[in-house]
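Shown next, in structure tokens, is the structure this report addresses.
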Amino acid sequence: MEGREVYIGAWLYAVESATGGKVPIIFLDADLPENAEEDRGITHYLYGGDEAYRLKQEIVLGIGGTRMLNKLGFEVKKYHMNEGHSSFLTLELLRKYKKDIEDVWDEKSVWDIEKVRNLCVFTTHTPVAAGHDKFSYDLIRRILHSEVPFEVLHKLAGEEHLNMTLLALNLSRYINGVAKKHGEVSKNMFPGYKIHAITNGVHSFTWTCEPFKRLYDKYLPGWANEPEIFVRVGRIPDNELWEAHMKAKKELIDYVNAQTQAEMDYDTFTIGFARRAAAYKRADLLFTDMERLMQIGKKGLQIIYAGKAHPKDEPGKQLIQRIFEAKEKLKGRIKVTYIKNYNMDVALKLVSGVDVWLNTPLRPLEASGTSGMKASHNGVPNFSVLDGWWIEGHIEGFTGWAIGPASDDPADHEKDADDLYYKLEQVIMPTFYKDRDNWVRVMQNAIGKDAYYFNSHRMMRRYVTEAYIK
């Protein structure tokens, strides 16, 4: 890079499963004494630096990562790129499988594009522009040393900019989005490409809290390795399902009170909202009409928020600030808190301990969403905009509730807040407080209809049979 040879080291991290299995994760490291000082920091920060820094990181990931796998002796039958960030691996594969010049008539056909396509799978994860990196060819010329000539790069990655997503699309045999709706959105974004859809899933054992693990072990043995068994959730007595939920809720409320002094209680209806703080996720939709929310709050309501913004995402940071402002305005009326240092441990407490999981993205920008799937694994119903996975998991009043119409028309987005307030006040809270039997039924359906399907076991089976070995 930039005329200098850059050395890459590897760190091995073995992910161990509860059953003793191990999966190797290889981390790449440029902080080596062999490297020039300006190159040693390439792998220091995931979110930092300028466009050139980002480009160097993606060269390390794509080209360096492919060479590292080869050096370590892995026999890779399929390279699976998630987002375009690793798509420089296709350039390394073109270099590796370059045809012998004596075997071809035309020098332009020296690049074995079909061979590379047969080795690659590409999953696009978001319609949001930040997930699709573009670099100027001037920057590419300055930094990247590649045997693949620029006339070939222009054809594979775009004429005006080097588009990492386009490079992956043109050099992959199988392409997919991460939900049925996202597959359709991706086809519109990238016309002319055959784009499939494999809806995301979450790892059942990781995202089930201890009270529910014990409950499932008792009534649904084998659930962790075969989540399809969740379909038999009717075996679990209603009172034990509710008791498990209350144990999870008490653990969450105790944690929240210890962290924030919010003085929340166990019996009040509790909404949870926790995810990356990005503007399109509209975390403040709940505060659109403060007077109306205060009226609803008289019937017993408390709200728990968590989530971090990208360091460079100013609108995301402002979103968090608006939630804190709303929290102050609601003081004495509705208890609202924002948990710091959001991580996987906090996330598990939240998705299992709240009564309803709220999600309010701007359609159609939610490619999939997985936090709601985690909530379902713990019997927590979803209350969500019909986008991403929820279009497939939603049955109104049965697995949870929808917010607004299933429309991408911006005019219909204005109706979301009204629908949120109406269902919260007229449907969801009355069911929670006055019809416990029906509420537990919705909890059961969240497990038996959603956790049963939206798990990583089902997702991986589909990748293996449709993308890897087909």
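Read the figures in this text as sums done on the coordinates, not as results from a lab. Keep in mind it's a predicted model, so treat the numbers as computed, not measured. Cβ sites come from the backbone with ideal geometry, for glycine too, and all protein chains shown count toward neighbours.
Structure notes:
- The local environment of R214, defined by Cβ-Cβ distances under 14 Å, has a net charge of -2 under the rule Lys, Arg +1 and Asp, Glu -1.
- Listed by chain and number, the aspartates and glutamates whose C-alpha is less than 14 Å from the C-alpha of K374, apart from same-chain residues fewer than 8 away, are E210, D345, D355, D450.
- Between region 242-275 and region 1-62, the C-alpha centres lie 39 angstrom from each other.
- Computed over region 354-397: relative contact order in percent, which uses C-alpha pairs under 8 Å that are six or more apart: 48
- The chain: relative contact order in percent, alpha carbon pairs under 8 Å with at least 6 residues between: 14
- As a proxy for reagent exposure, ranking W401, W439, W11 by other Cβ atoms within 10 Å from fewest up yields W11, W439, W401.
- Overall form of region 258-376 per C-alpha gyration tensor (a/c, 1.5; a/b vs b/c): rounded
- With 0.36 nm allotted per residue and the present C-alpha distance subtracted, the E51-N70 stretch has 4.0 nm of extension available.
- Cα lying deepest toward the dipole's positive end in the chain, options V202, P221, L167, charges on Cβ: P221
- Across region 9-172, Cα pairs under 8 Å and at least six residues apart give a relative contact order of 20 percent.
- Potential lengthening between K331 and A10 on full extension [0.36 nm per residue; Cα-Cα distance subtracted]: 110.5 nm
- Longest site-free stretch - the chain; sites: GluC sites (Glu not before Pro), DSSP loop, at most 14 other Cβ within 10 Å: 264-413
- Region 130-189-region 382-443 distance, computed between alpha-carbon centres (Å): 38
- Note on I26 and N188: the extension gain reaches 54.8 nm, defined as 0.36 nm multiplied by sequence separation minus the Cα-Cα distance.
- Where both bridge residues fall in region 9-172, DSSP classifies roughly 75% of the beta bridges as antiparallel.
- Nearest 10 degrees, 0 to 90: helix 210-219 Cα axis against the chain principal axis: 80
- Whether the chain is rounded, prolate or oblate, judged on the alpha carbon gyration tensor where a/c under 1.5 counts as rounded: prolate
- Packing-based ranking of 451-464, 347-360 yields 347-360, 451-464, ordered from highest to lowest mean Cβ neighbour count within 10 Å.
- Legend: calculated FRET efficiency, K115 to E291, from the Cβ-Cβ distance at R0 = 56 Å, rounded to 0.05, equals 0.30.
- Among the chymotrypsin sites (Phe, Trp or Tyr not before Pro) in region 215-270, those placed in a DSSP loop whose Cβ has at most 16 other Cβ atoms within 10 Å are Y266.
- Placing pseudo-labels 7 Å out from each Cα toward the beta carbon at K218 and V231 gives an inter-label distance of 2.5 nm.
- Using Cβ point charges alone (K and R +1, D and E -1), the dipole size of region 209-316 about the Cα centre works out to roughly 240 debye.
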